[in-house]
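Worksheet: one structure, shown below.
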Amino acid sequence: QVQVVESGGGLVQAGGSLRLSCKASGIIFNFHTMGWFRQAPGNRRELVAFITSGLTTTYADSVKGRFTISRDNPTNTVYLQMNSLKPEDTAVYYCQARWGNEYWGQGTQVIVSS
């Protein structure tokens, strides 16, 4: 059974930092592209960043230079380091594992206060 579980969300002041973690099980983690998406109230879910099995990374323009995605294959974990957070980063953040099929976590809430 595939499980994708996010953690690390919370409340932070603008300018602060958070690190999100996502642990996947039941998949061949090394083969999967891992991504972070977010959805704010009333908005569509949008891509934040992803990292391929070959460690190529891609970022949304809105987070370039502030967020860093990384992965640790031995522990089946992907991270999203978020620095210089802004109120507009407030959203539920979702982790996705993709290799043909897509698997999603339940999301973790990030709230950035001004």
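The values are calculated or read from the model by the stated rules, or taken from the named source; none is laboratory data. Just so it is clear, the model here is predicted, and its values are computed rather than measured. Please note: Cβ atoms are built from the backbone with ideal geometry, for glycine as well, and neighbour counts cover all protein chains shown. Just so you know, the surface numbers come from the protein's heavy atoms only, side chains and all, with ligands and any DNA or RNA stripped out. Shrake-Rupley method; radii C 1.70, N 1.55, O 1.52, S 1.80 Å.
How many nm is it between the label spots at A14 and V2, if each spot is 7 Å from the Cα in line with the beta carbon?
Distance between the two pseudo-spin positions: 3.9 nm.
For G10, list long-range residues whose amide hydrogen, built 1.01 Å from N in the peptide plane, is under 5 Å from its own amide hydrogen.
Answer set, sorted by chain and number: V110, I111.
Local charge sum around V48 (other residues, Cβ-Cβ under 15 Å, Lys/Arg +1, Asp/Glu -1)?
Numbers: positive: R19, R38, R44, R45, K64, R66, R71, K86, R98; negative: E6, E46, D61, E88, D89.
Overall, the nearby charge balance is +4.
What figure, in Å² to the nearest 10, do you get for the accessible area of D61 with a 1.4 Å probe and non-protein molecules left out?
Accessible surface of D61 is approximately 120 Å².
Per residue, how much accessible area does region 1-96 have with a 1.4 Å probe, in Å²? If you can, show how the numbers build up before the last one.
Working: 4820 Å² over 96 residues.
That works out to 50 Å² per residue.
Over the chain, what relative contact order in percent results from Cα pairs under 8 Å that are six or more residues apart? It would help to have the intermediate numbers written out before the result.
On the way: 275 pairs, mean separation 41.9, N = 114.
After rounding, I find 37 percent.
Using a 1.4 Å probe on the protein heavy atoms, what percent of the accessible area of region 8-114 belongs to carbon and sulfur? Walk me through the numbers before you get to the answer.
Numbers: 2670 of 5510 Å².
Heavy-atom surface of region 8-114 belonging to carbon and sulfur, 1.4 Å probe: 48 percent.
Evaluate the distance, in nm, between pseudo-label points positioned 7 Å from the Cα of L47 and of A60 along their respective Cα→Cβ axes.
Inter-label distance under the simple model: 1.2 nm.
Testing the spin-label approximation: label points 7 Å from Cα along Cα→Cβ at R98 and N30. State their distance in nm.
2.3 nm
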